[in-house]
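Notes for the one structure printed next.
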Amino acid sequence: MKFDILTLFPEMVTGGLNTSILGKAAEKKLIEINAVNIRDYTLDKHGKVDDYTYGGGAGMLMQAQPVFDAYQAVAGGRKLRTVYVTPQGMPFTQKLAMDFAREEELVFLCGHYEGIDERVLEEIVTDYISIGDYVLTGGELPAMVMIDAISRLVPGVLGNEGSAEKESFHNDLLEYPQYSRPEIWHGKQVPQVLLSGNHKLIGQWRREQSELRTRERRPDLYLRYEQKQKLYKKLSKDKRNHIQFMESLFRGKGEILYAQDGNVLLYDADCRLCMMTVESEEKGRQLLELVPEGIELFLNSQEFMNKAVCERFSFVVFHECHQVCYTKKEALPIKHKDIRLLGPEYLEDIAAHYHMGSREYVKGRLLAKAMYGAFADERLVGFAGVHDDGSMGLLYVDEAYRRRGIGESLEAYVINILCRQGYTPYGHIVVGNEASLKMQERLGLYLASDHVWWLGREDW
Ligand code: ADE
């Protein structure tokens, strides 16, 4: 992902962003920081970029010409998503960070002095964003804050097992207290449970502490957490039919846009995906009005809403699917022994055989460490993975290696990993794929009574 930062102080931005995790990400070419000095583009022979404000008032204003020319130098005729960092903008949130993380290139415009001539803002800015209700001396620090938050969501940047995708309900809670050596400091003892070695008890204690801390310090967040918990419990009464909603909430991906009676609308900003179940078409049509701009996919629980969804977003129905989930606790046996986590070097092998998502999508899955491969004689002969919404899929086995249990082994492998991570493995099987359905049954997955429909843009 490329960040172009239009600024009067490029050294401030590059100095701050070229170290630590982001520095490493830039070295690995996962992100690129392009700081552009607006002053290099002024036509004023003394290098001036600011002037007095018409109508009077204290301070100087950045002029339109150098800002516009700096933008043109970067955009070269393209229309790029351009963020003007300003205390007058919308508050920056994790959700917005997810939204921005989907762009391939993002421009940040950093103001100074009293601001920037309105006319150039009108021509180039797409988003006005603030990092909080206070005023700083310039836009560089806010731009750096946002770039940090966005970059850690770019697949591969965090790189470790604690990646952003692995967060669960904990997303809505503040972190629990943590302790390091020594065991006693200033007479204060580390809580006994943390020394117990009992991971289940430790997990419980941490969850309780997180809840307590959130309730005390951020009652607004706690309210949201409670709402999700309540909805999760309600949905769990029919787990097989609601598994996609439940896993989305549990993974901390789905935000509740509406939940009342039998009407639920969730939005996963990361996947730009909405999921809906409603009691009537009329209610469904009302809820479609709550759907944010720019959604790319829709998972519909009822066929009677397909027409309305397609009309509203110019979508088509991709697939009608069965839902299956694995709710047992036992790990599954795996017949094919050579299954490994796949790295980005397998992109071409996978893209050649997987056609239900773009090459970029597959790359993202590899970087998120969500793809596994079956090998025979050191050759990749099949793969499976976890989609960005949390469902299992991306399954393929080479023609010459079919009917040997490799597909089944791959799915069992993914199931065991998801179970170890605390998730409920689930997936969608296109109606008519009887071979896959039989395999799900053999593996012990349960079939939901209702179907679901995947809708999206024709060219997705
Ligand atoms: N520029 C100055 N103050 C700011 C803030 N709070 N957020 C974003 N940009 C700013």
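The values are calculated or read from the model by the stated rules, or taken from the named source; none is laboratory data. All values derive from a computational prediction rather than experimental measurement. Cβ coordinates were reconstructed from backbone atoms using ideal geometry, including for glycine residues, and neighbour counts include every protein chain displayed. Accessible surface areas use protein heavy atoms only, side chains included; no ligands, DNA or RNA. Shrake-Rupley method; radii C 1.70, N 1.55, O 1.52, S 1.80 Å.
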> Can you name every residue in the range 414-430 that is within 16 Å of SER391 (Cβ to Cβ) and open to solvent by 60 Å² or more (accessible area, probe 1.4 Å)?
Replying inline: GLN421
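Which residues, taken from the range 73-92, are away from the ligand (no atom under 13 Å from the Cβ) and outside any helix (DSSP H, G or I)?
If the condition is that a residue be away from the ligand (no atom under 13 Å from the Cβ) and outside any helix (DSSP H, G or I), then GLY76, GLY77, ARG78, LYS79, LEU80, ARG81, THR82 are the ones that fit.
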> With respect to ALA374, is the statement that it is hydrophobic (A, V, I, L, M, F, W, C) and free of Cβ contacts under 8 Å to residues at least 12 places away in the same chain true?
Replying inline: no
>> Looking at the range 61-72, can you tell me whether even one residue there is touching a helix residue (DSSP H, G or I) at 6+ places or on another chain (Cβ under 7 Å) and within 16 Å of the ligand (Cβ to nearest atom)?
In response: yes
> Out of all the residues in the range 146-163, is one or more of a type in the set (A, V, I, L, M, F, W, C), free of Cβ contacts under 8 Å to residues at least 40 places away in the same chain and more than 16 Å from the ligand (Cβ to nearest atom)?
Replying inline: no
> When residues of the range 105-132 are filtered for being more than 10 Å from the ligand (Cβ to nearest atom) and either among the basic types (Lys, Arg) or open to solvent by 80 Å² or more (accessible area, probe 1.4 Å) (or both), how many remain?
Replying inline: 6
> Got a sec? Which of GLY444, GLY390, GLY382 is over 28 Å from the mean Cα position of the chain (by Cα) and not polar (S, T, N, Q)?
Replying inline: GLY444
>> Looking at VAL135 and the list (1) open to solvent by 50 Å² or more (accessible area, probe 1.4 Å); (2) under 22 Å from VAL36 (Cβ atoms), which single condition is not satisfied?
In response: (2)
> Which is in the same structural domain as GLN65 (by TED's automatic domain parsing) and touching a residue at least 12 places away in the same chain (Cβ under 8 Å), of GLY47, GLY16, GLY23?
Replying inline: GLY16
> Failed condition for ALA97, given (1) at pLDDT 95 or above; (2) open to solvent by less than 20 Å² (accessible area, probe 1.4 Å), with all others met?
Replying inline: (1)
> Which of the residues spanning the range 402-460 are out of contact with any helix residue (DSSP H, G or I) (no Cβ under 8 Å at 6 or more places or on another chain), of a type in the set (Asp, Glu) and not in a loop (DSSP other than H, G, I, E, B)?
Replying inline: GLU434, GLU441
